[in-house]
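Bear in mind these aren't lab numbers, they're just calculated from the coordinates by the rules spelled out. Computed from a prediction, not measured in an experiment: that's the story for all the values here. In this analysis, Cβ positions are derived from the backbone assuming ideal geometry, glycine residues included, and neighbour counts consider all displayed protein chains.
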Amino acid sequence: MKRAFIIVALLIAVVLCAAGGYIYSKQPTRQGQVELRNLTGSVTVRYDERGVPHIRAGNEADLYRALGYVHAQDRLFQMEAMRRLARGELAEVLGPKLLDTDKLFRSLRIRERAASYVAGLDKQSPAWKGLQAYLDGINQYQDTHAAPIEFDVLGIPKRPFTAEDSISVAGYMAYSFAAAFRTEPLLTYVRDQLGTDYLNVFDLDWQPKGVLAGGHSKPTLALGAEDWKDLTALARVSEQALIDNGLPQFEGSNAWVIAGSRSQSGKPLLAGDPHIRFSVPSVWYEAQLSAPGFDLYGHHQALVPFAFLGHNLDFGWSLTMFQNDDLDLIAEKVNPNNPNQVWYRGQWTDMLVSEQQINVKGQTPVTITLRQSPHGPIVNDALGTAAGKTPIAMWWAFLETPNPILDGFYQLNRADTLAKARAAAAKVQAPGLNLVYANAKGDIAWWASALLPKRPAGVKPGFILDGSTPEADKDGYYPFSANPQEENPARGYIVSANFQPVSPTGMEIPGYYNLADRGQQLDRQLSNKSVKWTNEASQKLQLDTATAYGPRLLAPLLTVLRQVVSDPAQLKLVEQLAQWQGDYPLGSVSATVFNQFLYDLAVAAMRDELGNDFFETLLSTRVIDSALPRLAANADSPWWDNRNTPDKETRADVVRTAWAASMEHLKLTLGDDVAGWQWGAAHTLTHGHPLGQQKPLDRIFNVGPFAAPGSHEVPNNLSAKIGPAPWPVTYGPSTRRLVDFADPAHGLTINPVGQSGVPFDSHYDDQAEAFVEGIYVQAHFSEEEVMANTRSTLKLMPARAGQ
């Protein structure tokens, strides 16, 4: 027996040693010396206490080659997953469940656009040379190291990363901004199947003076039942493609700049927190890059060498999403005698037809047929072609504009003057971005960066357009000077929070803008002239959990609630809602009650008209946010009547039904004791990894859950989809950054999870708790502080001759 125990113990020890050795072989190397081909001199990489690399090189090519190498050892699987998603190649490693996602991304033609884009680049430009050096660094790391754990689990073969992959990832970013796939079918259905009385609730009219300062198209389409079924399916596939893969999706953002005249230090302040779907690893990779004449602390996206967010001693910038509508869905009129011809500018025109194969793990490859009309790719072919269905084409700025975004961000990384930053902003054409900028000289500015198309007068691109008419045509583009923008405004600050902007020309700019409440909350505080702003004050603003949205939605319903609620304990909850300030701290019960009631109100009022599929689509759009307060305020809205009953329901009937459903669900989910209905118990953040979608792998790869303050469309925008409790947070601040240009070497930042994407690495999740608690850390910049906070040093050396 004793010998048996010894043998078992030895076997366990061997297994543990083998497992430990396997995990160790996958870890990043942050100490020692490594030889790299194509380096012209040595490069020093010093890692700080968070695992952020501070890279010092003798020239730009060596700098970007080193960045590629260190980025890959921390994030290689993220790079692989991102390029596969963008290029429609996930089913090859994840199996048939990802086939619909691959079909969708193949139909978007990102692969083809990436190839034509790269073919047209100036191969002698600094941006191209920087990209090539960066990709060389990635590929050298991949060629000389063990594959990541995820590669082993999924059977992913190694293959070189290319410039086409980098542009494809930019295409994915542009697509993740595009709300048209979900919103345009929904709004067109409401307009054509329900009528304009139902459409009014969505508040689609342009506000000429903007949202901080204070007619619909006639149905022309003949879409049938199968077409609506297709469009709902397309909307659902589009949403699920972004949700199910544990990869970043761009959602919204806050950013502001404050002039020196309004700051305590006398220099501009920069604040930014782009809102992106949470994932493991998070979207941004922090790195300080230093070479003669260049020094930048930046936040980098996978497969892109140039920082999308950054600062140095002279200037800095942040980004928010413009939310302009740069994607039109177009219903084509098909020749009844030839299903591959559409009516275009007065004649039948052939569609281009091609076939592609999608490799599927464990199955034979699947062949898909892709068609393209003169307006763009036929996107509902992703669902399969069938006779009698209306082809839906897609016009998308990413496919149609020159979009020198690579050069734009290369220049932005060096934009130490207002003029340089403006010129760089003009080169970012798709996706549309708000670029918020400040420099140590005292300038503050904002440019809405996009190449805006000229659509025919009166066209409302929020609906599916009729391809047989001129309404789908584009007559060139507006000049960059017509884009919304400000430089050094007299009020001394600029705020950008995804609300509807105003052009200097006064023209309408169609888009899927967020509610004004978040921007108005920020603007109210920034406009207080008695405040001299500091980074600490900006910190409080970034972590603010309140807006006026909840109270303004509840205001017209409080009288109704007092009439339809009779239970004394529940009436007490109603009165607490009447006093609620619209804030979301962890201990709030009113926040929990409001969010559950919001969902049940939407269900009771709107699901009967839309059906389950379109109702679920509605919950994933931004238009639901504007619809619910307008619905609550209008006692005569047709939405109140339930089409499935013989009686005509009133607002009071629906409010009674919704409140009762909320109380029942909260008791079932959180218990009978109302004191346990606290926001932190129902609203939690888990950072999901692509492999963490499956149990029990979630315990290894996911990070969380954490009780999370904040909510949808408050400054601390830790957002969950409208739905029943509990609410898993899906997106929020992808970093929080604060820079005072009186002391830019001591900027503040935080990563939502950790710098590394390598499981079991010490930097995999070491910032997760600090992030959710609202803690900031210092971004080390000066040589002295980098040296003082160095935890390990990696030397990259030129490979010896013959190697």
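Points worth noting:
- 5 angstrom amide H check on GLY376, placed H, neighbours 5+ away: MET394
- Taking THR101, THR401, THR469 and counting other C-beta atoms within 10 Å, the order from fewest to most: THR469, THR401, THR101
- Lys/Arg +1, Asp/Glu -1 at C-beta; the chain dipole; positive extreme among VAL211, TYR117, ALA548: TYR117
- The translational diffusion coefficient of the chain, from Stokes-Einstein at 10 °C and 1.306 mPa s with a Kirkwood hydrodynamic radius over alpha carbon pairs, comes to 57 µm²/s.
- Amide H contacts under 5 Å for ASP544, placed H, 5+ residues apart: ASN716
- Bridgeable lysines around LYS389 (alpha carbons under 20 Å apart, same-chain partners fewer than 8 residues away excluded): LYS103, LYS229, LYS333.
- Note on GLN693 and ASN338: the model spin-label points, each 7 Å out from Cα along the C-beta direction, lie 4.1 nm apart.
- At an R0 of 25 angstrom, the distance between the Cβ atoms of LYS667 and ASN612 translates into a FRET efficiency of 0.50.
- Assigned charges on the beta-carbon of Lys, Arg, Asp, Glu; the range 557-712 dipole about Cα centre (debye): 280 debye
- Dipole-positive endmost among TYR64, VAL772, LEU433 within the chain (Cβ charges, Cα centre): TYR64
- P(r) histogram, all alpha-carbon pairs of the range 709-803 included - 10 Å bins from 0, percent: 13, 30, 30, 16, 8, 3, 0
- For the range 65-164, a/c is not less than 1.5, where a ≥ b ≥ c are the root eigenvalues of the C-alpha gyration tensor, and a/b does not top b/c. That puts it in the oblate class.
- Taking the fewest neighbouring Cβ atoms within 10 Å as the starting point, the ordered list for MET663, MET797, MET79 is MET797, MET663, MET79.
- Efficiency of FRET from Cβ geometry, MET787 and GLN576, R₀ 51 Å, rounded to 0.05: 0.40
- Among LYS454, LYS129, LYS695, LYS427, the order by Cβ neighbours within 10 angstrom, fewest to most, reads LYS695, LYS454, LYS129, LYS427.
- Listed residue pairs exceeding 18 Å between alpha carbons, taken from LYS97/LYS361; LYS26/LYS158; LYS209/LYS474; LYS572/LYS648; LYS267/LYS441: LYS209/LYS474; LYS572/LYS648
- Coupling constants for the range 224-240 follow from the phi torsions by the Karplus curve (6.51 cos²θ - 1.76 cosθ + 1.60, θ = phi - 60°), and in residue order they are x, 4, 5, 5, 5, 4, 4, 5, 5, 5, 5, 4, 5, 4, 4, 5, 5 Hz; glycine and proline get x.
- Mean ellipticity per residue at 222 nm, deg cm²/dmol - from DSSP H runs of n ≥ 4 across the chain, formula -39500 (n - 2.57): -11000 deg cm²/dmol
- Charging the Cβ of each Asp and Glu at -1 and of each Lys and Arg at +1, and nothing else, the dipole of the chain about its Cα centre rounds to 1140 debye.
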